[in-house]
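S.K.: This is the structure I have questions about; it appears just below.
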Amino acid sequence: MTAQPTGQVEAGPGPHERAAADAATIAARTGVAAHDLAVVLGSGWAPAAVHLGTTVAELAMSDLAGFPAPGVAGHAGVVRSVEVDGHPVLVLVGRSHLYEGHGTDAVVHGVRTAVAAGCAAIVLTNAAGGVDPALSVGRPVLIADHLNLTGANPLVGPAPPSGPRFVDLTECWSPRLRAIASAVDPTLPEGVYAAFLGPSYETPAEVRMARALGADLVGMSTVLEAIAARQLGVEVLGLSLVTNPAAGVVAAPIDHADVLARGRAAADDLGHLLAGIVTASVRDAVPEARGSEGSRAP
Ligand code: 8IG
């Protein structure tokens, strides 16, 4: 068949094929044919992983062809197969961001790979700025909804090989998983996460804009991954660690070192919370049909 005269012509495999290939490598290298759930650990959340379960196998993202090279921060990503309450959980430590310049396919590759590896639910974690002044620094917040202010969408491009072209985001942030998380910690606040492109933080005027639009949190990640996950029909849970008040919410400027220190200080609490949520989620079988054309590994 000849190439379409006006369509985008992709050289080599598409993003979903690259995800399937990396999922096959994960299955081969971990010896785990299919994983049930995936956890993406963002800034501040990596130390929380020790509480999750028993690591069965670990590989470097750099050993998986579809993952982009690590960014300036140099935190080389790893992929772990962790046994949680008898269930295989895929833990992705590190993610790529749109501001690194690799494009949306790179940003959502981990999520697409996790779904191709069998995961029916994805837990996305991040560090964020607090827009709602009532949110405490050092405390996690459950993402209830989002504002995608990045100007990008991972579904732009050729129609995906399976699943809907036009994706409903009414329940992007799974009410079922949020109820599980709230049962684990009834004090967890919920908030709306506004994603900006970054890597500069917002101006105080932009933070006031985000507040006026309904945002409680601001960050530079997570929403594109959630959109890609929903296109593939899997459930999504989001947790933000508030590491700084957003610009202008308090008088002090935002210091990245302080952001990192806040993450370290919260690590143990986050670990226990995450372990509780993941354990409850894998116990509670994922009932929602993922669509007959889903890309679950055999
Ligand atoms: I950590 O204040 C962290 N990430 N956009 N704004 C944005 N991202 C962030 C912030 C913040 N803090």
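S.K.: If you average 1/r across every pair of different Cα atoms in the range 196-242 and take the reciprocal, what Kirkwood value do you get, in Å?
M.R.: This gives a value of 12.2 Å.
S.K.: Two decimals is fine: what is log10 I(q)/I(0) at q = 0.20 Å⁻¹ for the range 166-266, from a Debye sum with one equal scatterer on every Cα and no solvent?
M.R.: So the normalised log intensities are -1.17.
S.K.: What ranking, highest mean first, results for peptides 232-245, 32-45 when packing means the other Cβ atoms within 10 Å averaged over each residue?
M.R.: 232-245, 32-45
S.K.: Once the piece of chain linking SER182 and THR170 is laid out straight, how much longer is it, given 0.36 nm per residue of separation minus the C-alpha distance between them?
M.R.: In short, 2.3 nm is gained.
S.K.: Compute the distribution of all C-alpha to C-alpha distances in the range 209-276, in bins of 10 Å from 0, and list the percent of pairs in each, rounded to whole numbers.
M.R.: For the range 209-276, the binned pair fractions read 16, 37, 36, 11, 0 percent.
S.K.: Another one. Per the helix-only calculation at 222 nm, which mean residue ellipticity applies to the chain, given -39500 (n - 2.57) for every DSSP H run of n ≥ 4 and division by its residues, nearest 500 deg cm²/dmol?
M.R.: -9000 deg cm²/dmol
S.K.: Related question: Please list the equivalent ellipsoid semi-axes of the range 77-223, computed as the square roots of five times the alpha-carbon gyration tensor eigenvalues, in descending order and whole angstrom.
M.R.: Whole-Å semi-axes of the equivalent ellipsoid: 25, 21, 15.
S.K.: Follow-up. Between ARG208 and ALA28, what length comes free when the chain is fully extended (0.36 nm per residue of separation minus the Cα-Cα distance, one decimal in nm)? Show your work: numbers first, answer last.
M.R.: Details: separation 180, 0.36 × 180 = 64.80 nm, distance 4.88 nm.
Residue separation times 0.36 nm, minus the Cα-Cα distance, leaves 59.9 nm.
S.K.: Compute the Kirkwood hydrodynamic radius of the range 17-283, taking the inverse of the mean of 1/r over all pairs of distinct Cα atoms, and give it in Å to one decimal.
M.R.: It is 18.3 Å.
S.K.: Given a Förster distance of 51 angstrom, what is the FRET efficiency for ALA11 paired with ALA251, based on the Cβ-Cβ distance and rounded to 0.05?
M.R.: Once the sixth-power term is evaluated, E becomes 0.50.
Read-outs: derived from the displayed coordinates by stated rules, not from any lab. Everything numeric here is computed off the predicted structure, so don't read it as measured data. When we count neighbours, we look across all protein chains shown, and the Cβ atoms used for this are built from the backbone with ideal geometry, even at glycine.
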